[in-house]
Amino acid sequence: MNLSKREFLQVLSAASVAGMGLGRWSQADAATAADGLYDLPRFGNVSFLHMTDCHAQLQPIHFREPSVNLGVAGMTGKLPHLVGEHLLQVAKVPAGSASAHALTCLDFEQAARRYGKVGGFAHLATLVKRMKASRPGALLLDGGDTWQGSATSLWTKGQDMVDACKLLGVDVMTGHWEFTYGMDRVKEIVEKELAGRIEFVAQNVKTTDFGDPVFKPYVMRTINGVPCAIVGQAFPYTPIANPRYMVADWEFGIQDQHMQKVVDEARAKGAQVVVVLSHNGMDVDLKMASRVSGIDAILGGHTHDGMPVATVVGNRGGQTLVTNAGSNGKFLAVMDFDVKGGKIADYRYRLLPVFANMLPADREMEALITKVRAPYEARLAEKLAVTEGTLYRRGNFNGSGDQLLLDALMDVQGAEIAFSPGFRWGTSLLPGQAITREWLMDMTATTYSYATVAPMSGEMIKTVLEDVCDNLFNPDPYYQQGGDMVRVGGLEYSCNPLEKMGRRISDMRLNGKPIEAAKQYKVAGWAPVAEEAAKAGNKPVWELVEQWLRAQGGTVKARKVNMPRLTGAVPNPGLAQVPA
């Protein structure tokens, strides 16, 4: 895809208001103007490059940002709970620009066709090399959720991503979905594959027997003469959100008191800069920043929030910057510090979108990706159908991609109701694109993606909905787990996010009739976390959905997304006025 000069200058306009001057690029042709977007002048003497939640997407993809990301209680109207035009206003980014497309779902189909795909490790590698060349000593930090989310990562047990990250030049990482390969595989990779190349840090993962640290809590690195500490914070709710049996000997948790001890220890050892590489989720990071002092910045992940500006949080020791670098390889964040006299005097933060059409592919990385994919290319590319509508996942309550999964599960298994987990990973397709096996695996590839069907009482259905809703809308961020609401097929319901636990879900109906508490309903689902489910012999969900796709006659109609009726928290700047 070739962008016109006018369109490239739109990109540069967005860059300019975000602090990147146009300068000599203002009269450039399109090819040269593309370089201008990434011409980020060096600042200060300590730099961190941050990527997170790429979910094993080695190739460029489309990814629709959410139209619904509600903030409740004290987070209403605050980052990261701003979407669409509300986010653009805070970021000072013009609507219709490439940066607006990267940050929001506005005019998604038209903008995606105009600006092309985002991410891709070969293009990301080019940007990383460019930033490291302009910032001697800069460290590349990976916030986790890197080894999971694609067919090739599942089929190679994460090896494809391990190899790619070593070539990319990742210096330090932490984790979450990495743990779903099991303790043995994680330790094998950390102790053998990453040794001497990439540090895996997590201050909040300990053994269940004696409380011994499983990983290094932090590492010290000297950047241009400045001692810096990078502290790891793995996803604290791993044994709850994912199968406990996969990490049976390890315990997790937020552990902010231990975090304070670790930060104090790093400072005592001479660290003049302390950053936390976190997989808490941004709301949790914001609270942690207010409770733990001595942290200069929390570079966050898990909630997939592409934050164009850093949030400054006050605490008893001063201030902490909190950021989040999006997902799927769409962004590379750059945090520059100017350290003088042992303290940070100033900073600059930029969130750079990774446009595949604007960054040439790094040849070495491209060759590795080709090699990794070669044994699977035919399977990945197999066309199962063509979609007539946009397919996407992100949003608090549902997405058309999940609706497709729900419709397939109900149809194939003869269920009245279906649940699909509120995962935030998964790629997007535009109308007219092929639904390939690769896309299907992008939406479902986990180590426990078993399809289920079982009777469930109306009372239990409400309990499930209330429980997941509380994970999302509890006013205390430390009780939030960072995913989205379970997606629901067949069942209609109302939701008031502002209510208390047990009172948020109401007016549940099936085919217009109220759900009866004592009645049994046939409910389909997938990705159960119970160990018994792994031994039940159920088929993986992608087999059932593939069966359904092949039965559609070659074309899948645009899905009608089943959304709850919101009875509270609206209007809300976390709700964009766009088609669901």
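Per-residue 3J(HN,Hα) values for the stretch 180-195, derived from phi via the Karplus relation 6.51 cos²θ - 1.76 cosθ + 1.60 with θ = phi - 60°, read 7, 8, x, 4, 4, 5, 4, 5, 4, 5, 5, 7, 10, 6, 8, 3 Hz in sequence order (x marks Gly and Pro).
Among the listed pairs Lys187/Lys261; Lys216/Lys287; Lys78/Lys206; Lys132/Lys340; Lys383/Lys560, those whose Cα-Cα separation exceeds 29 Å are Lys78/Lys206. Potential lengthening of the chain between Lys92 and Thr208 amounts to 37.0 nm, from the contour at 0.36 nm per residue minus the alpha-carbon distance.
Using the Cα centre of the stretch 103-243 as the reference point, and only Cβ charges (+1 on K/R, -1 on D/E), how large is the resulting charge dipole? Debye, rounded to the nearest 20. Walk me through the numbers before you get to the answer.
Values: 16 positive and 15 negative charges, 126 e Å.
Roughly 600 debye, rounded to the nearest 20.
Please sort 324-332, 367-375 by packing, taking for each peptide the average over its residues of neighbouring beta carbons within 10 angstrom, highest first. Could the numbers behind the result be given before it?
On the way: 324-332: 28.3, 367-375: 15.2.
Sorting 324-332, 367-375 by mean packing, highest first, produces 324-332, 367-375.
Averaging Cα coordinates gives a centre for the stretch 430-467 and one for the stretch 271-297; these two points are 33 Å apart.
Taking the Cβ of Gly84 as the centre, find all other residues whose Cβ is under 11 Å away and add up their charges (Lys, Arg: +1; Asp, Glu: -1). Display every interim value, and only then the final one.
Numbers: positive: none; negative: Glu65, Glu85, Asp107.
Spelling it out: positives minus negatives among the neighbours equals -3.
Near Gln203, the amide H atoms lying under 5 Å from its own belong to Gly232, Gln233, Ala234; only residues 5 or more places off or on other chains count, and H is placed 1.01 Å from N.
Quick one: which of 54-60, 89-95, 529-535 comes out on top by average Cβ neighbours within 10 Å, and what's the full order, highest first? Could the numbers behind the result be given before it?
On the way: 54-60: 26.1, 89-95: 16.7, 529-535: 13.3.
Ranked from most to least packed, the peptides come out as 54-60, 89-95, 529-535.
Calculate the FRET efficiency for Gln110 and Val570 from the Cβ-Cβ distance with a Förster distance of 35 Å, rounded to the nearest 0.05. Mind dumping the intermediate values first?
Values: r = 26 Å, r/R0 = 0.75.
With a Förster radius of 35 Å, E is 0.85.
Counting every Cα pair in the stretch 160-203, what percent are over 14 Å apart? Beyond 14 Å sits 46 percent of the P(r) for the stretch 160-203. Multiplying the residue separation of Asp507 and Trp155 by 0.36 nm and subtracting their alpha-carbon distance yields 122.5 nm. Label-to-label distance, Glu85 versus Lys166, with points set 7 angstrom from Cα along the beta-carbon direction: 5.1 nm.
Computed over the chain, the P(r) tail beyond 43 angstrom holds 14 percent of alpha carbon pairs. Taking the Cβ-Cβ separation of Glu193 and Glu492 as r and a Förster radius of 45 Å, what is the calculated FRET efficiency to the nearest 0.05? Calculated transfer efficiency: 0.40. What you get for the stretch 247-288, charging only the Cβ of Lys and Arg (+1) and of Asp and Glu (-1), is a dipole of about 240 debye around the Cα centre.
On the basis of the beta-carbon distance and an R0 of 35 Å, Gln547 and Ser457 show a calculated FRET efficiency of 0.75. Sorting Glu546, Glu366 by accessible area puts them as Glu366, Glu546; the probe is 1.4 Å, largest comes first, and only protein heavy atoms count. Couplings for the stretch 275-287, taken from phi via the Karplus curve 6.51 cos²θ - 1.76 cosθ + 1.60 with θ = phi - 60°, read 10, 9, 8, 10, 10, 6, x, 5, 4, 5, 4, 4, 5 Hz in order; Gly and Pro are left as x.
Gyration tensor over the Cα atoms of the stretch 384-504: the corresponding equivalent ellipsoid has semi-axes (square roots of 5 times the eigenvalues, largest first) of 26, 17, 13 Å. Here the Karplus relation 6.51 cos²θ - 1.76 cosθ + 1.60, evaluated at θ = phi - 60°, turns the backbone of the stretch 71-81 into coupling constants of x, 10, 6, x, 9, 4, x, 10, 5, x, 8 Hz, with x for every Gly and Pro.
Grab the DSSP H runs of the chain that are 4 residues or longer, score each as -39,500 (n - 2.57), total them, divide by all residues and round the 222 nm result to the nearest 500 deg cm²/dmol.
Working: 19 runs with 173 residues, N = 580.
Computed ellipticity for the chain at 222 nm equals -8500 deg cm²/dmol.
Give the relative contact order (percent, whole number) for the chain; include only Cα pairs under 8 Å separated by 6+ residues.
Dividing the mean separation by the residue count of the chain yields 18 percent.
Think of the chain as a dipole: +1 on every Lys or Arg Cβ, -1 on every Asp or Glu Cβ, centred on the Cα centre; then among Met335, Gly414, Ile198, Met335 lies furthest on the positive end. Solvent-accessible area of the chain (1.4 angstrom probe, protein heavy atoms only): carbon and sulfur portion equals 50 percent. With kT/(6 pi eta Rh) evaluated at 25 °C and eta = 0.890 mPa s, and Rh the Kirkwood radius from Cα pairs, the stretch 468-551 diffuses with a coefficient of 156 µm²/s according to Stokes-Einstein.
The values are calculated or read from the model by the stated rules, or taken from the named source; none is laboratory data. What you see is a predicted model; the values in this text were computed from it and never measured. Methodologically, a virtual Cβ is constructed for each residue, glycine included, from the backbone with ideal geometry; neighbour enumeration extends over all protein chains shown. Surface accessibility is based on the protein's heavy atoms, side chains included, excluding ligands, DNA and RNA. Shrake-Rupley method; radii C 1.70, N 1.55, O 1.52, S 1.80 Å.
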